[in-house]
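Laboratory data are not the source of any read-out in this text; all were calculated from the coordinates shown. This one's a predicted model, so the numbers in the text were calculated from it and none came from an experiment. Counting neighbours? That spans all protein chains shown, and the Cβs are built from the backbone with ideal geometry, glycine included.
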Amino acid sequence: MKLLITGLNHRTAPVEIRERLAFDPASLPEVLRDLLDRHGVAEGMILSTCNRVEVTVAAEQADGLAESIGSFLGAARQVDPAWLSPHLYHFEDREAVRHLFRVAASLDSMVVGESQILGQMKSAYCAAKETGAIQGFLDTVLTRAFSVAKRVRSETEIGKSAVSVSYAAVELARDIFGSLNGRKVLLVGAGKMSELAARHLKRGGCSQIFVTNRTPSRAQDMAALFEGQIVDYTRFKERLPEMDIVLTSSGAPHYLLTRDDMRHMLEARRNRPVFVIDIAVPRNVDPAVNDLEHVFLYDIDDLQQVVQNNLLGRKREAEQAEEIIAEEVDRLMQRLESRQAVPAIVRLQEQLELVRQAELDRVRGRLGELTEQQEQAIDALTRGIINKIAHAPITELRRNAGRPDGEVVLDVIRRLFRLDEYKRERAGSK
């Protein structure tokens, strides 16, 4: 069985092409049935995300199938295959297995180490499985890909560090407070980035979100997202001592929080630490606040530097992950290739057994009446001869199944014992 992948991703195609090719999840059952109707396709799966569209198929023969899948994609999304072709990549067998493993482990993602792709891949697998598009071979490969992704996550720290500004803020908050449980957050401004950071903080355990904004309706909308409370913009400084985390993203052209503001806040808090995240440009918080002990101020550049450092860390972890992928690819390929020898071994054993039975039937009339012990002795003798004949070719088939020249050995044994002729005779007799 051959494994092939045809697709495109964020590196090979711009977003306007990716969005033209994207599949609606509701349409996948019908599209998968169309895929299985393609000549030569035995099994298939379609993975469609904002960053990639890939068709994975299992087939008896690979000749011309990559072009056929390209045509299928064009027809399914009503685009010219010639327009699509320059953006498509194709992988076969070992390289296809490696690609699947890397995608599942998020080594091929726009942000290396992100966890979303594994869930998307499992959803694509389930959709194909429910449609009947995945059977034994593809099932084996994909379930192994999921196990490899789990191994990469458990043996490396590729997904541990923040690679977005909003999540970097949460990691820094944990470093300062240890735990975010019960912490109070004040959002000064209602921008998109502060919303993302607030989501992470809420998920991390912060108990209450307070929102203040020059436009009350914007503050209301933001507070509704987190079941938060609105603070009057003209008086928010009075509430500062209650807050453990202050996140500013206002479009104000001047500093909203000065060194004196924060000094008064610390006095009221009896010097309990406070984390200030200033993601506004221009900045909302006077940099002189950094001079105060117990105030931890980070602006957008500080957070970006944290992200860059974490990305470098993920790159190092990715190198370790690639070693795991290489090891797992070798292991699966050996397993798959050894499976190719099994039908030949079974046919050889069946064919030799038929020869044995035919010869026994031919001479039995000349042997006269035999005792049960004599019957058993002849049966054991002939079985022993057949087993000795079969031992060498079966050993060679098993030994060479996982090697580059294994197909050559398999072909030689098929021809020597005429296994393909036997297979056709068996099919014709049924």
- Helix 65-77 sits off the longest principal axis of the Cα atoms of the chain, rounded to the nearest 10 on a 0 to 90 degree scale, by 50
- Helix axis angle, 192-204 relative to the chain longest principal axis, alpha carbon, degrees: 70
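Sorting check: for 254-260, 192-198, which peptide has the highest mean count of neighbouring beta carbons within 10 Å, and how do the rest follow? Don't skip to the end; give the middle numbers.
Numbers: 254-260: 16.4, 192-198: 20.0.
Listed from highest to lowest mean packing, they are 192-198, 254-260.
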- What percent does the relative contact order of region 10-149 come to when contacts are Cα pairs within less than 8 Å and at least six residues apart? 27
- Given labels modelled 7 Å from the Cα in the Cβ direction, how far is it in nm from LEU36 to MET333? 3.0
- Can you tell me how much longer the chain between ASP379 and GLN61 gets when fully stretched, taken as 0.36 nm per residue apart minus their C-alpha distance, in nm with one decimal? 110.3 nm
- Task: State whether region 1-45 is rounded, prolate or oblate according to the following rule on the C-alpha gyration tensor (a ≥ b ≥ c being the square roots of its eigenvalues): a/c under 1.5 gives rounded; otherwise a/b larger than b/c gives prolate, and the remaining case gives oblate.
- Result: oblate
- Task: Any chance you could run the full-extension gain for SER179 through GLU372? It's 0.36 nm times the residue separation minus the Cα-Cα distance, nm to one decimal.
- Result: 61.4 nm
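Please give the net charge around GLU238, taking every other residue with its beta carbon less than 12 angstrom from that of GLU238, where Lys and Arg add +1 and Asp and Glu add -1. If you can, show how the numbers build up before the last one.
Values: positive: ARG235, LYS237, ARG239; negative: ASP232, GLU242, ASP261.
Cβ neighbours under 12 Å give a net charge of 0.
For region 330-400, report the convex hull volume of the alpha-carbon atoms normalised per residue, in Å³, without decimals. Each step should come with its number before you reach the end.
Details: hull volume 5.8 nm³, N = 71.
Given the Cα convex hull of region 330-400, per-residue volume reads 81 Å³.
Based on the alpha-carbon gyration tensor of region 1-143 and its eigenvalue square roots a ≥ b ≥ c, which shape applies: rounded if a/c is under 1.5, prolate if not and a/b is larger than b/c, or oblate?
Numbers: a/c = 1.29, a/b = 1.05, b/c = 1.23.
Judged from the Cα gyration tensor, region 1-143 comes out rounded (a/c under 1.5).
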- Task: Distance from a point 7 Å along Cα→Cβ of HIS10 to each backbone N in region 272-307: keep the residues under 12 Å and list them by number.
- Result: none
- Task: Would you mind checking the tilt of helix 165-177 against the longest principal axis of the Cα atoms of the chain, expressed as 0 to 90 degrees and rounded to 10?
- Result: 70
- Please count, across the chain, the pairs of lysine residues with Cα atoms under 17 Å apart that sit 8 or more places apart or on different chains. 6
- Here, ASN271 and SER123, labelled 7 Å along Cα→Cβ, have an inter-label distance in nm of 5.1
- Which FRET efficiency value, to the nearest 0.05, do you get for GLU322 and SER71 by plugging their Cβ-Cβ distance into 1/(1 + (r/R0)^6) with R0 = 35 Å? 0.60
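Considering only the other residues whose Cβ falls under 13 Å of the Cβ of GLY313, what net charge follows from Lys and Arg at +1 and Asp and Glu at -1? Intermediate results must be reported in sequence, preceding the final value.
Numbers: positive: LYS160, ARG314, LYS315, ARG316; negative: GLU157, GLU171, GLU317, GLU319.
Value of the local net charge: 0.
Taking the beta-carbon count within 10 Å as an exposure proxy, list SER164, SER217, SER249 from fewest neighbours to most.
Working: SER164 17, SER217 9, SER249 23.
Arranged by neighbour count, lowest to highest, SER164, SER217, SER249 become SER217, SER164, SER249.
Any idea what % of Cα-Cα pairs in the chain are farther than 30 Å?
Details: 56870 of 92235 pairs.
In whole percent, the long-distance tail amounts to 62.
Counting Lys and Arg as +1 and Asp and Glu as -1, each charge on the Cβ, what is the dipole of the chain about the Cα centre in debye, to the nearest 20? Walk me through the intermediate numbers first.
Values: 59 positive and 63 negative charges, 112 e Å.
Result for the chain is approximately 540 debye, rounded to the nearest 20.
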- Task: Could you calculate the contour length gain from VAL79 to ARG398, that is, 0.36 nm times the residue separation minus the distance between their Cα atoms, to one decimal place in nm?
- Result: 110.2 nm
- With a bin width of 10 angstrom, please list the P(r) values of region 165-308 as percents of all Cα-Cα pairs, from the 0 bin to the one holding the largest distance. 13, 48, 37, 3
- Where the centre of each part is set by its Cα atoms, how far does region 276-331 sit from region 67-81, in angstrom? 41
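With a/c under 1.5 counting as rounded, go ahead and sort region 103-151 into rounded, prolate or oblate using the C-alpha gyration tensor (a ≥ b ≥ c being the square roots of the eigenvalues; past the cut-off, prolate if a/b is larger than b/c, else oblate). Don't skip to the answer; put the middle values down first.
Numbers: a/c = 3.01, a/b = 1.79, b/c = 1.68.
Here region 103-151 falls in the prolate category.
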